[in-house]
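Working notes, beginning with the structure itself.
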């Protein structure tokens, strides 16, 4: 199953996240943030470094964002809980590994099942 978001749109979204680009530069030794004097930047462009760095970033986006979005779309969470917050906002708590009681689970069943460690859940405001 292909993700609904095209690859090029993931790249555009990622390149527009300054913190992501800055950390990518730091970890990979690239210069997508375009830091340096005008002559240094011109040299990077002329020698093909900028194009090489951008291709490396595209590969990073493909491996670490695009393919993971695709992978997550094929998985189903254990349970999804909708919670009304005090400020009136609705929050969706996605329980991927069953750390919260399931919709048809008693408290005793949940306590018995939740003896395992290393569980994770994530929260997304909607």
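The values are calculated or read from the model by the stated rules, or taken from the named source; none is laboratory data. Quick caveat: nothing in here was measured; it's all calculated off a predicted structure. Cβ placement follows ideal geometry from the backbone for every residue including glycine, while neighbour counts extend to all protein chains displayed.
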ask   = So how many residues does the range 1-32 have that are loosely packed, with under 13 Cβ neighbours inside 10 Å and not in a helix (DSSP H, G or I)?
value = 7
inquiry  = So, in the range 17-71, exactly how many residues are within 18 Å of residue 6 (Cβ to Cβ) and in contact with a helix residue (DSSP H, G or I) (Cβ under 8 Å, 6 or more places away or on another chain)?
reply    = 8
query = Would it be correct to say that residue 100 is in the same structural domain as residue 112 (by TED's automatic domain parsing), in a strand (DSSP E or B) and at pLDDT below 90?
reply = no
